[in-house]
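Following: one structure in structure tokens, then a few remarks.
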Amino acid sequence: MMWSTLLNFCEGTESIFLGSCRSSVQKIPARNKDQEQEVLTWITQVLGEPLPNGAYEDILKDGVVLCKLINKLSPGSVKKIQERGTNFQLMENIQRFQAAIKKYGVPEEEIFQTADLFERRNIPQVTLCLYALGRITQKHPEWTGPQLGPKMADKNERTFTEEQLRAHNAELNLQMGYNKGASQAGLGSFGNTRHM
């Protein structure tokens, strides 16, 4: 609903602004309802209680469910949760959640902006952030609850002896192909005609 309003606004402006408005609207990926449902199912399993009824973004908008989620994953992460209050107080819930998941290990570039959720600017980014949180739980051995998303790859560090490294370098030289004997010698000057 909001993006169509923005697009209508953009279409009413001069053409110089049209490109930048359209590109900002087009950069937001499409929502994936299956992923959103998977996130809600995971949150329900983690919390061990049913979520309120409503649309995905409405359930998460006030940040209460998100704060409860991180407190289950990492007890005591969010000390104060505003169940009701002004928009500013509810946005503080989201900011507390963001700070807590950053400490938990979610990379900053994967954390959504407060307005992405509260103002519904970029709900797919919220979903990706929650998938990142689900992925990071796998790095915490103290968490034995449900997982979200694919299993993270384990580090597979290898060590080689000097002899193995030398043998590998010798193989590489042979694999590069034969280049001795091929040259441009005898071709003469470039641009000259060839006499037969």
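Overall, region 54-166 carries a charge dipole of about 300 debye about its Cα centre when +1 sits on the Cβ of Lys and Arg and -1 on the Cβ of Asp and Glu, all other atoms neutral. Of Lys80/Lys155; Lys79/Lys155; Lys33/Lys72, which pairs sit farther than 29 Å apart, going by alpha carbon to alpha carbon? Going by Cα-Cα distance, Lys80/Lys155; Lys79/Lys155 fall outside the 29 Å limit.
Could you compute how fast region 29-139 diffuses translationally, taking Rh as the Kirkwood radius over C-alpha pairs and applying Stokes-Einstein at 37 °C with viscosity 0.692 mPa s? Give it in µm² per second.
D = 237 µm²/s.
Please list 128-138, 76-86 highest first by mean number of surrounding beta-carbon atoms within 10 Å per residue.
With the highest mean Cβ count within 10 Å placed first, the list reads 128-138, 76-86.
Annotation: lysines with alpha-carbon distance below 18 angstrom to Lys151 (same-chain offsets under eight excluded): Lys139.
Since every read-out is calculated from the coordinates, none of them should be taken as a lab result. Being a predicted model, the structure only gives us computed values, none of them experimental. In this analysis, Cβ positions are derived from the backbone assuming ideal geometry, glycine residues included, and neighbour counts consider all displayed protein chains.
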